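Asker: If you scroll down you'll find the structure; I have some questions about it.
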Amino acid sequence: MEFRSTQAQEPLVSFKDVVLRCLPPDEGLYVPARVADMRQYFMHMDAKTTYPELVATMAPALLQGELNPFSAKRAVESAFGFEPELTRLDDDISLLSLYNGPTGVFKDFGIAFLAAVMEELVKNSGPAMVLSASRGNAGVSLAQAFRGRGGISSVILYPAGPIRGLDPASFATRGGNIIPIQITGTLDDCQRLIVEAIEDRPFAERYGVTSANAINLGRLLPQCFYYIYAFVKIKNSLRGDLVFSVPCGNFGNLIAGLYAWKFGMPVKGYIAAMNVNDAFGDYIRGKRFVPRPVVPTNSPSLDVGVPSNYKRLAAFYEESPAVMRNMVYPASIGDDRTVAAIGKVWKKYGVLLDPHSAVAFAAAEDLASSQEFAGHVHTVVIATGHPAKRAALVSQAIGEDIEIPPRFAQLQRRVDPIAIIKPDLEALEGVIASCF
Ligand SMILES: *Cc1c(COP(=O)(O)O)cnc(C)c1O
């Protein structure tokens with residue numbers, strides 16, 4: 001498969017270039033240039049197929065010529081010590097839990113795949129340095145995924161504030177390959193510094209600089225695999241059409257679902273489940289997108305003003321607006337209903353939801369009771385976060401305390417960065433140089 005920028009049909013680039021450049025030079029985002037029909041690879045899989053099996057089959061098929069089946073198998077085995085979990089709640093609703101990874105958030109899936117596949121891709125070229133910015137979770141996920149990967153070092157920039165959950169034994173100062181650096185500034189300062197480093201040619205070339213931020217297609221593309229996994233698990237017992245309900249912030253997860261459809265997965269559509277920050281719903285309904293100020297809610301990962309994947313979604317709408325109108329259903333769920341949904345799902349099914357997943361659940365209920373869909377859809381709700389990560393809210397919603405897995409306690413442990421610097425490229429270069 002070849003890739004292009006959202007801003008131009010050409011040039012076409014390889015997956016390796018996409019992963020190692022992260023952003024095209026024209027301010028667009030990388031997207032697949034042509035889409036392959038992948039049905040022959042998954043239509044005959046069944047409920048016994050494991051997630052690593054599915055990914056090890058589909059990844060080399062998608063990335064033909066760049067990732068052979070042996071490398072893919074090795075990468076997948078080293079990436080996934082965790083799996084998606086499909087739970088049938090009722091005839092018309094299931095839950096796809098994606099929070100079983102090290103940090104309890106679905107983003108672990110994309111990060112783990114990117115790190116493992118990048119290790120395979122750089123085997124015959126020079127070393128790579130992955131710069132990322134984080135305030136918390138993603139940093140831990142990146143540090144665990146990149147730890148010990150040959151030919152790769154992972155620089156994680158943190159804004160002012162406590163740094164938690166990293167293992168100092170993995171730091172470059174102790175012979176590892178993880179370089180956490182605190183910037184005396186904001187998360188935006190960290191992001192800006194990354195762009196500067198990528199654009200500083202001599203620096204970027206000396207270290208092979210790229211970024212593993214959420215916009216890297218190497219993180220987003222592999223998220224299509226868990227949609228296909230859910231389809232494979234459910235297809236033989238499906239009554240009615242398949243719909244996914246996706247909690248949407250920056251819309252990466254939803255776009256990965258649309259890629260699964262492009263690759264041949266039979267699906268009726270996707271609910272774009274938002275909280276009250278739903279200005280982007282107008283765009284989905286075919287109107288002009290007018291961003292509104294962000295309102296804080298109890299599902300904070302969905303509190304996004306302008307989704308960073310806007311250009312990727314726009315590429316779908318430019319290609320086929322009529323199809324998109326019938327495939328993506330925007331929904332908006334307020335804080336009260338989010339809490340009520342957590343309580344209801346606990347009472348009715350004995351299952352805990354985090355608030356982001358609860359937004360998607362409530363949106364799925366609305367769809368299932370609408371005239372157009374009632375009685376003939378099965379909705380898979382994407383559960384993006386572990387309920388214990390929002391323990392206070394979830395406990396309150398169900399009226400009892402919930403158990404917090406011990407691995408999450410580790411995520412709270414404070415650590416020191418290996419350096420604290422001003423948001424300045426020269427200072428960053430100085431620290432990095434001292435690590436080699
Ligand atoms: C990041 C995140 C989301 C939003 O996902 P996008 O791909 O940005 O739309 C939803 N829920 C949780 C728990 C998240 O961490």
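The values are calculated or read from the model by the stated rules, or taken from the named source; none is laboratory data. All figures in this text were calculated on a predicted structure; none of them were measured in a lab. Glycine gets a Cβ as well: all are built from the backbone with ideal geometry, and neighbour counts include every protein chain shown.
Asker: Of all residues being closer than 21 Å to GLY385 by Cα and away from the ligand (no atom under 16 Å from the Cβ) in the range 91-100, which is farthest from the chain's Cα centre (by Cα)? Just the residue, please.
Answerer: The residue in question is ILE93.
Asker: Across the range 238-251, what is the total count of residues that are surrounded by fewer than 23 Cβ atoms within 10 Å (Cβ to Cβ) and either more than 12 Å from the ligand (Cβ to nearest atom) or in a helix (DSSP H, G or I) (or both)?
Answerer: 5
Asker: If you don't mind, there's one more thing I want to ask. I'm trying to understand the selection: among the residues of the range 8-42, which are in a loop (DSSP other than H, G, I, E, B) and touching a residue at least 60 places away in the same chain (Cβ under 8 Å)?
Answerer: CYS22, LEU23, GLY28, LEU29, VAL35, ALA36, ASP37, MET38
Asker: Which of the following residues is closer than 20 Å to ASN68 by Cβ, in contact with a strand residue (DSSP E or B) (Cβ under 9 Å, 6 or more places away or on another chain) and outside any strand (DSSP E or B): ALA143, ALA138, ALA115?
Answerer: ALA115
Asker: Let me ask something else. Of the residues that make up the range 252-274, is at least one among the β-branched types (Val, Ile, Thr), under 26 Å from MET1 (Cα atoms), away from the ligand (no atom under 14 Å from the Cβ) and surrounded by fewer than 22 Cβ atoms within 10 Å (Cβ to Cβ)?
Answerer: The answer is yes, given that some residue of the range 252-274 is among the β-branched types (Val, Ile, Thr), under 26 Å from MET1 (Cα atoms), away from the ligand (no atom under 14 Å from the Cβ) and surrounded by fewer than 22 Cβ atoms within 10 Å (Cβ to Cβ).
Asker: Name the residues in the range 9-20 that are surrounded by fewer than 19 Cβ atoms within 10 Å (Cβ to Cβ) and either under 20 Å from ILE198 (Cα atoms) or at pLDDT 95 or above (or both), would you?
Answerer: Result: PRO11, LEU12, VAL13, SER14, ASP17.
Conditions (1) within 30 Å of ASN277 (Cα to Cα); (2) within 16 Å of the ligand (Cβ to nearest atom); (3) crowded, with 21+ Cβ neighbours inside 10 Å; (4) of a type in the set (S, T, N, Q), marked per residue:
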{"residue": "ILE342", "(1), (2), (3), (4)": "yes, yes, yes, no"}
{"residue": "LEU353", "(1), (2), (3), (4)": "yes, yes, yes, no"}
{"residue": "ALA383", "(1), (2), (3), (4)": "yes, yes, yes, no"}
{"residue": "ARG390", "(1), (2), (3), (4)": "yes, yes, yes, no"}
{"residue": "ASP401", "(1), (2), (3), (4)": "yes, no, no, no"}
{"residue": "ILE418", "(1), (2), (3), (4)": "no, no, no, no"}
{"residue": "LEU425", "(1), (2), (3), (4)": "no, no, no, no"}
{"residue": "SER434", "(1), (2), (3), (4)": "no, no, no, yes"}
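Asker: Given (1) at pLDDT 95 or above; (2) of a type in the set (Ser, Thr, Tyr); (3) under 26 Å from GLU85 (Cα atoms), identify the lone condition not met by SER237.
Answerer: So the condition that SER237 fails would be (1).
Asker: With the structure loaded, tell me whether ILE181 is buried (at least 24 other Cβ atoms within 10 Å of the Cβ), touching a helix residue (DSSP H, G or I) at 6+ places or on another chain (Cβ under 9 Å) and touching a residue at least 24 places away in the same chain (Cβ under 8 Å) or whether it fails that test.
Answerer: no
Asker: Has the range 413-430 got any residue that is closer than 19 Å to PRO300 by Cβ, modelled with pLDDT under 95 and out of contact with any His (no Cβ under 6 Å at 6 or more places or on another chain)?
Answerer: Taking every residue of the range 413-430 in turn, none turns out to be closer than 19 Å to PRO300 by Cβ, modelled with pLDDT under 95 and out of contact with any His (no Cβ under 6 Å at 6 or more places or on another chain).
Asker: Scan the range 306-323 for residues that are of a type in the set (A, V, I, L, M, F, W, C) and over 20 Å from LEU217 (Cβ atoms) and jot them down.
Answerer: Within the range 306-323, ALA322, VAL323 meet the criteria.
Asker: Out of the range 311-329, which residues are within 15 Å of the ligand (Cβ to nearest atom) and in contact with a strand residue (DSSP E or B) (Cβ under 8 Å, 6 or more places away or on another chain)?
Answerer: ARG312, VAL328
Asker: Look through LEU187, LEU220 and report the one residue that is within 16 Å of the ligand (Cβ to nearest atom) and touching a Lys or Arg at 6+ places or on another chain (Cβ under 6 Å).
Answerer: LEU187
Asker: Moving on to the next point. Being at negative phi, not in a helix (DSSP H, G or I) and not polar (S, T, N, Q), is that true of even one residue in the range 225-237?
Answerer: no
Asker: I'd like the residue in the range 176-223 that is among the polar types (S, T, N, Q) and in a helix (DSSP H, G or I) and, out of all such residues, is farthest from ASP416 (Cα to Cα).
Answerer: By that ranking, first place goes to GLN223.
Asker: Any idea how many residues of the range 101-134 are away from the ligand (no atom under 12 Å from the Cβ), without any contact (Cβ under 8 Å) to a residue 60 or more places away in the chain and farther than 26 Å from PRO202 by Cα?
Answerer: The total comes to 2.
Asker: Here's something else I'd like to know. Within the range 252-295, can you find the residues that are touching a residue at least 60 places away in the same chain (Cβ under 8 Å), part of a loop (DSSP other than H, G, I, E, B) and among the small types (Gly, Ala, Ser)?
Answerer: Within the range 252-295, just GLY264 meets the criteria.
Asker: In the set SER301, SER308, which member is within 12 Å of the ligand (Cβ to nearest atom), assigned to a helix (DSSP H, G or I) and of a type in the set (S, T, N, Q)?
Answerer: SER301
Asker: Also, I was wondering about something else. Identify the residue in the range 48-81 that is of a type in the set (Val, Ile, Thr) and in a helix (DSSP H, G or I) and, among all such residues, is farthest from the chain's Cα centre (by Cα).
Answerer: THR57
Asker: Among the residues of the range 277-295, how many are more than 15 Å from the ligand (Cβ to nearest atom) and on the phi < 0 side of the Ramachandran plot?
Answerer: Matching residues across the range 277-295 total 10.
Asker: Only one of (1) touching a residue at least 12 places away in the same chain (Cβ under 8 Å); (2) more than 14 Å from the ligand (Cβ to nearest atom); (3) surrounded by fewer than 24 Cβ atoms within 10 Å (Cβ to Cβ) is not met by ALA364, so which one is it?
Answerer: The failed condition is (3).
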